[in-house]
Amino acid sequence: MERSAVNPDPVGDPAVSVPAPATGSAVSAPAPAPSLPPRDVREAWEMALRRKKLVRWVVSWLPHRLTIGIRGTLRWEHSVVAKVRHRWHRSLQLRVIGSTLVISATMIAVLGFFLTEQISVGLQVNAEAAARTQTLAALNDAQSLTAWNIRPTPQAALKFMYSAGEALQPVSSSGTPPPYYVVVGLNADLAGAGKPGVPPGFESWVSIISPESTLEATLPPALVNDVQQEQAADERQVTAESLLYYAPTTLNLSDGAQNGPAIVYGAPLGDWYQLYFVFPLNQEQQTLQLVQTALIGVGLALVALLAAIASLVTRWVVLPVRHAARAAQRLSAGRLEERMAVGGADDLAALATSFNDMAASLQEKLRELEELSKAQRQFVSDVSHELRTPMTTIRMAAEVLYESREQLDPAEARSAELLQSQTERFELLLSDLLEISRHDANVATLDAEPADVCDIARRAADDAQQLAERRGCRLEFRLPAQACIAEVDRRRVERILRNLLVNAVEHGEGKDVVVTVAGDSDAVAIAVRDHGVGLSPGEEQLVFERFWRADPARARNTGGTGLGLAIALEDARLHGGWLQAWGERGRGSVFRLTLPRVAGQPIAGSPLPLGPDEAEAVTSALEADLAGGSRG
């Protein structure tokens, strides 16, 4: 038994044919084959998306043109992502540069944020300290004014508030805004006109530069409340610094000149007046924006510089590795003289030196193995040729004894029969040895011509038919209605099928052997199915080895040499095709030959499945349909 599996491939949909009823002959006639749907070429992600109920429901409500557009967009997106992923996984330089960019950008962003926060806090602290100093100085100047601590009348209060505002408010020069704004307020008890005991006519707020209503809205109510409570307290703080209250705010002027963040200092002035100093932070904000812009620019420049440095350094390392990869590819392609250039004495130079030493050693070993293989092939060829002459003499003598066996006693007649059968087997072994030596020497040639594979399969069955009749089984053919034309070497393909059929009959335990032929646009396939002993797990990888037998104790009643399937495998490879096997103990085995339609053209799949399950299930369903149709 000589079987194995080679070159596993994605199996295509078979062109299953229906077996015709036998008409007295063991070989059934071809029957028409039903057409099968075309293969689905959608990708896995699209099939998974289409299985979702929500997606199917949404698609059912969308217009057909919109669905096509969405599908095209998704395919384009997956194509781009796949190309980027492929490039990312294949390029070490791209991965190093990308990782450097991400890490450096993250670190620079974190450091920039930290620096910005520190600078912002520093600017704010400095602005608060400067504003506090100016407020204390202005408060001391206000206390030097007259009538600041005398209960006023409405006219006196308004006069004092204007005079205090004019004395304390800095005047802007050449159109520049003042450094701060002064707002003079009145005690809430006096400002509440209309209350019991409060005479009318008091103004609540006075500002010299900006309208009072605008600055009044700028003052935080909590700050005003704190100053009012401090002013109403019975025991007031004695130092001016302890009278200050601070709060952040947003400056909103009617002209919009200095709108933005600001800080406000407030303090009571005597028992009847309040002073508020609004300090805009526009200058600090501009400084912070300038720092942020500088940090962003420097960060981007630093990231670009780091990427360039990483690219340069990676290129120094990757280029020798790429050269080594190309040299290894050329070496694996058979260019054993390929070597790497050695420069310097660093690690990359050591890599190049080691590669060159390895290539030289490999070249020497391959040369020795090639000479040894050549000598072995020559020896096998010479021995096979030299044995032909004595074998011819022995065969002639054996034929003479075999033809006169009836005149001999039974023991001598049996010896003559054994001599005849073993002589034929020895001649077959010599022929197989010569053929396998041609394949080993790469001198086997392919005489390809267009031929119908179905006719070749019928012709190959003629030799196995007599053995099948002796075993009590029949050969059943399931052929398509149309001819399966392919460019093949008739002699070699017929020898492959003859070997497969003889093995199937020999190991089929007397059960029928099924031969299925199918084809598609690229390839044709022939599957030989038996229902005999089958194969144990792992034996699919062994059955094509030379002189391998599944059961060494099993007798070769048909005179096999142990080289049949090995030669069949080489013949299939010579066509650019596949020869594969499947088997299971107790369920038999399947041998599938797949050949390209055009000799030498690569094939991506087979028209028939390798295992028997799909083919038998489809065939059973077709037979049931035919049976139902015949009964109808």
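The values are calculated or read from the model by the stated rules, or taken from the named source; none is laboratory data. As the structure is a computational prediction, the values presented were derived from the model and not from experiment. Counting neighbours? That spans all protein chains shown, and the Cβs are built from the backbone with ideal geometry, glycine included. We work out accessible area using only protein heavy atoms, side chains counted, and drop any ligands, DNA or RNA first. Shrake-Rupley method; radii C 1.70, N 1.55, O 1.52, S 1.80 Å.
At a glance:
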{"item": "Lone qualifier among Glu284, Glu337, Glu364, Glu371 - being in contact (Cβ under 8 Å) with a residue 40 or more places away in the chain and charged (D, E, K, R)", "result": "Glu284"}
{"item": "Hits in segment 444-460 (condition: among the small types (Gly, Ala, Ser) and either under 42 Å from the mean Cα position of the chain (by Cα) or surrounded by 20 or more Cβ atoms within 10 Å (Cβ to Cβ) (or both))", "result": "Ala444, Ala448, Ala457, Ala460"}
{"item": "Any hit, segment 486-503, residues being within 43 Å of the chain's Cα centre (by Cα), at pLDDT 85 or above, outside any helix (DSSP H, G or I) and more than 21 Å from Ala566 (Cβ to Cβ)", "result": "yes"}
{"item": "Cross-chain or 6+ apart pairs with Cβ under 9 Å, segment 532-543 first and under 20 Å from Ala566 (Cβ atoms), then among the hydroxyl-bearing types (Ser, Thr, Tyr) and part of a loop (DSSP other than H, G, I, E, B)", "result": "Glu539/Ser4; Glu540/Ser4; Gln541/Ser4; Leu542/Ser4; Val543/Ser4"}
{"item": "Residue check for Val171: among the hydrophobic types (A, V, I, L, M, F, W, C), in a loop (DSSP other than H, G, I, E, B), at pLDDT below 65 and out of contact with any Phe, Trp or Tyr (no Cβ under 7 Å at 6 or more places or on another chain)", "result": "no"}
{"item": "Flag for Glu476 being in contact (Cβ under 8 Å) with a residue 24 or more places away in the chain, open to solvent by less than 50 Å² (accessible area, probe 1.4 Å) and in a strand (DSSP E or B)", "result": "yes"}
{"item": "Hits in segment 345-369 (condition: open to solvent by 100 Å² or more (accessible area, probe 1.4 Å) and modelled with pLDDT under 80)", "result": "Ala345, Asp347"}
{"item": "Which listed residue is crowded, with 20+ Cβ neighbours inside 10 Å, in contact with a Ser or Thr (Cβ under 9 Å, 6 or more places away or on another chain) and not hydrophobic (A, V, I, L, M, F, W, C), from Gly532, Gly519", "result": "Gly532"}
{"item": "Selection status of Arg597, basic (Lys, Arg), over 30 Å from Glu427 (Cα atoms) and either open to solvent by 40 Å² or more (accessible area, probe 1.4 Å) or modelled with pLDDT under 60 (or both)", "result": "yes"}
{"item": "Hits in segment 311-334 - residues which are touching a residue at least 40 places away in the same chain (Cβ under 8 Å) and either open to solvent by less than 50 Å² (accessible area, probe 1.4 Å) or among the acidic types (Asp, Glu) (or both)", "result": "Ser311, Thr314, Val318"}
{"item": "Qualifying positions in segment 560-582 - in contact with a strand residue (DSSP E or B) (Cβ under 7 Å, 6 or more places away or on another chain) and either among the aromatic types (Phe, Trp, Tyr) or open to solvent by 10 Å² or more (accessible area, probe 1.4 Å) (or both)", "result": "Leu569, Gly576, Trp578, Trp582"}
{"item": "Residue within segment 382-401 that is surrounded by fewer than 16 Cβ atoms within 10 Å (Cβ to Cβ) and not in a helix (DSSP H, G or I) present", "result": "no"}
{"item": "Within segment 239-253, tally of residues that are in a loop (DSSP other than H, G, I, E, B) and at pLDDT 65 or above", "result": "3"}
{"item": "Selection from segment 298-310 of residues that are open to solvent by 40 Å² or more (accessible area, probe 1.4 Å) and either of a type in the set (Gly, Ala, Ser) or not in a helix (DSSP H, G or I) (or both)", "result": "Ala301, Ala304, Ala308"}
{"item": "Residue list for segment 410-443, restricted to those being modelled with pLDDT of 75 or more, open to solvent by less than 50 Å² (accessible area, probe 1.4 Å) and not hydroxyl-bearing (Ser, Thr, Tyr)", "result": "Ala413, Ala416, Gln420"}
{"item": "Subset of segment 126-156 (residues that are in a helix (DSSP H, G or I) and open to solvent by 80 Å² or more (accessible area, probe 1.4 Å))", "result": "Asn126, Thr133, Asn140, Asp141, Gln155"}
